[in-house]
1. Could you list, in sequence order, the residues of region 9-52 that are over 10 Å from the mean Cα position of the chain (by Cα), of a type in the set (Lys, Arg) and not in a loop (DSSP other than H, G, I, E, B)?
2. Step by step: first the residues of region 53-70, then only those that are farther than 16 Å from Asn10 by Cα, touching a strand residue (DSSP E or B) at 6+ places or on another chain (Cβ under 9 Å) and not in a strand (DSSP E or B), then the one that is modelled with the highest pLDDT. Which residue is that?
3. So Ile39 ticks every box in (1) hydrophobic (A, V, I, L, M, F, W, C); (2) modelled with pLDDT under 70; (3) surrounded by 11 or more Cβ atoms within 10 Å (Cβ to Cβ) but one. Which box is left unticked?
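The values are calculated or read from the model by the stated rules, or taken from the named source; none is laboratory data. The structure presented is a predicted model; accordingly, all values stated were derived computationally and were not measured. All Cβ positions, glycine included, derive from the backbone under ideal geometry; neighbour counts span all protein chains shown.
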Amino acid sequence: MDFGEFLRLNRKTSLYELSKMTGISRQQLSNYEQSKSEITIHNAKLICKAIGKDFLIEGGEKQCTINFLL
């Protein structure tokens, strides 16, 4: 599951409200949701915190996997 799908399935508020909670523009959130933009770890953390979900970062220096905990 990519982050866009995760966001679509778990977002319980409007993009406008999520934007206010995270400080990320509504347009950028829409781009994440539609998988048009790759998300940064920082923004993933902000969004997950705002929607009440956790994520786990695994891996070493050269590879990183982010698991979004449903």
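1. Answer for region 9-52, where residues must be over 10 Å from the mean Cα position of the chain (by Cα), of a type in the set (Lys, Arg) and not in a loop (DSSP other than H, G, I, E, B): Lys20, Arg26.
2. Here the answer is Gly59.
3. The failed condition is (2).
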